[in-house]
Amino acid sequence: MGRDEAREFGNPSALAENRLFYKFADAGHTAYYTLCVHFGLFSPKTPPVKLNRAEQRLFLRAFRHQQTRLENVGRFIDAQSSPGLWLDVGCGSGQFLFRALKREGNRAVGTELDPEQLAAARELLEAAGAPPRFSLVCQPPDVLPFKDGAFDYVLSADVMEHVGLENQEAVLREMRRVLRPGGTLLLHTPNANRVRVTTVYKKAFYLLKGYNPFSIRHSFPKGHISLVSPKRLKRLAESPGFTVRVRYFGDTLSERLLSRAPLVRDVWSRSFVLLGTKAR
């Protein structure tokens, strides 16, 4: 049964993290898990749920990964020269909306496809003490219900890898449409080149653990159907008229150092941020 479950989630690591989340959920601490791991509002060293040693290591690893992800995106949110109206396409739990709302004068709108996810994001934002300068809309990313040029900033973190390769350009065109001239696009996504490399050795590791490596598509959980390389996403963003820059990131010190080396960063960086500017 465990091998079948691992196949359903994409790989054994995804299954383990899912089980850890539901251990918190079953104990009535769903909000604590998300506010700790994704928002960084609590210490992961004193969870309200009793964890064994392996679970504690997994919890700390999940916390560190999500906080690195939050900081990778958050530094660009913080770096914008003036406050304005933000659109977070695929806002998830709302942690990036929360980061934007920390700056006085920022307002924000978040979209999500799943109404239950949207309701959960509202509860989490309120529990985190977010100022009431936000609204949430249930809408797919390729049909945004906003007028042309409505937003100063458009943000989308870890969404492009879920929309399907055939839809990515349409999503980018919608983002450009709702962005004002001179506005900034901020996209964060895993690096498909890195995933191709890690998939090889992770499949070998899973084989040693008794899993069928051919049942595992890649080293990311199931649902990551359109992982994209920096070169491809840059080309797609330039097509509708964005001027584009790419920044590379890693979780560990070695990854961060290697992400600065031009010859290896396209392959070794765990994720990247694409910054686009809409021409005036």
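The values are calculated or read from the model by the stated rules, or taken from the named source; none is laboratory data. Predicted model, so just to flag it, every value in this text is computed and none were measured. A quick note on method: Cβ atoms are made from the backbone with ideal geometry, for glycine too, and the neighbour counts reach across all protein chains shown.
One table, with the values for the structure above:
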quantity	calculated
Evaluation of Pro140 against (1) within 30 Å of Arg177 (Cα to Cα); (2) touching a Leu at 6+ places or on another chain (Cβ under 9 Å); (3) part of a loop (DSSP other than H, G, I, E, B); (4) at pLDDT 95 or above (one fails), failing number	(4)
Some residue of the stretch 37-44 being part of a helix (DSSP H, G or I), in contact with a helix residue (DSSP H, G or I) (Cβ under 9 Å, 6 or more places away or on another chain), over 23 Å from Gly129 (Cα atoms) and not assigned by TED's automatic domain parsing to the domain that holds Leu118	no
Given (1) in a helix (DSSP H, G or I); (2) modelled with pLDDT under 70; (3) touching a Leu at 6+ places or on another chain (Cβ under 9 Å), index of the condition Met175 fails	(2)
Close pairs from the stretch 25-36: first in contact (Cβ under 8 Å) with a residue 24 or more places away in the chain, partner of a type in the set (Gly, Ala, Ser), Cβ under 7 Å, at least 6 apart	Ala31/Ala127; Thr34/Ser93; Leu35/Ala127; Leu35/Ala128
Failed criterion for Gly129 (all others in (1) of a type in the set (Gly, Ala, Ser); (2) assigned to a helix (DSSP H, G or I); (3) out of contact with any strand residue (DSSP E or B) (no Cβ under 9 Å at 6 or more places or on another chain) hold)	(2)
Output for the stretch 92-126, where each listed residue is outside any helix (DSSP H, G or I), touching a Leu at 6+ places or on another chain (Cβ under 7 Å) and either touching a residue at least 60 places away in the same chain (Cβ under 8 Å) or of a type in the set (A, V, I, L, M) (or both)	Ala108, Val109
Search result, residues across the stretch 215-260 that are more than 18 Å from the chain's Cα centre (by Cα), of a type in the set (Val, Ile, Thr) and either modelled with pLDDT of 90 or more or surrounded by fewer than 16 Cβ atoms within 10 Å (Cβ to Cβ) (or both)	Thr243, Val244
Qualifying positions in the stretch 57-109 - among the polar types (S, T, N, Q) and in contact with a Gly (Cβ under 7 Å, 6 or more places away or on another chain)	Gln67, Asn106
Output for the stretch 148-159, where each listed residue is buried (at least 20 other Cβ atoms within 10 Å of the Cβ) and in contact with a Pro (Cβ under 9 Å, 6 or more places away or on another chain)	Ser156, Val159
Restricting the stretch 40-91 to residues that are among the aliphatic types (A, V, I, L, M) and free of Cβ contacts under 8 Å to residues at least 40 places away in the same chain, the residue that is surrounded by the most Cβ atoms within 10 Å (Cβ to Cβ)	Leu70
Search result, residues across the stretch 178-212 that are in contact (Cβ under 8 Å) with a residue 60 or more places away in the chain, surrounded by 16 or more Cβ atoms within 10 Å (Cβ to Cβ) and either under 20 Å from the mean Cα position of the chain (by Cα) or assigned to a loop (DSSP other than H, G, I, E, B) (or both)	Thr184, Leu185, Leu186, Leu187, His188, Thr189, Pro190, Asn191, Asn193, Arg194, Tyr211
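Here's the yes/no breakdown for (1) hydroxyl-bearing (Ser, Thr, Tyr); (2) in a helix (DSSP H, G or I); (3) modelled with pLDDT of 95 or more:
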| position | (1), (2), (3) |
| --- | --- |
| Ala6 | no, yes, no |
| Ser13 | yes, yes, no |
| Leu60 | no, yes, yes |
| Arg64 | no, yes, no |
| Trp86 | no, no, yes |
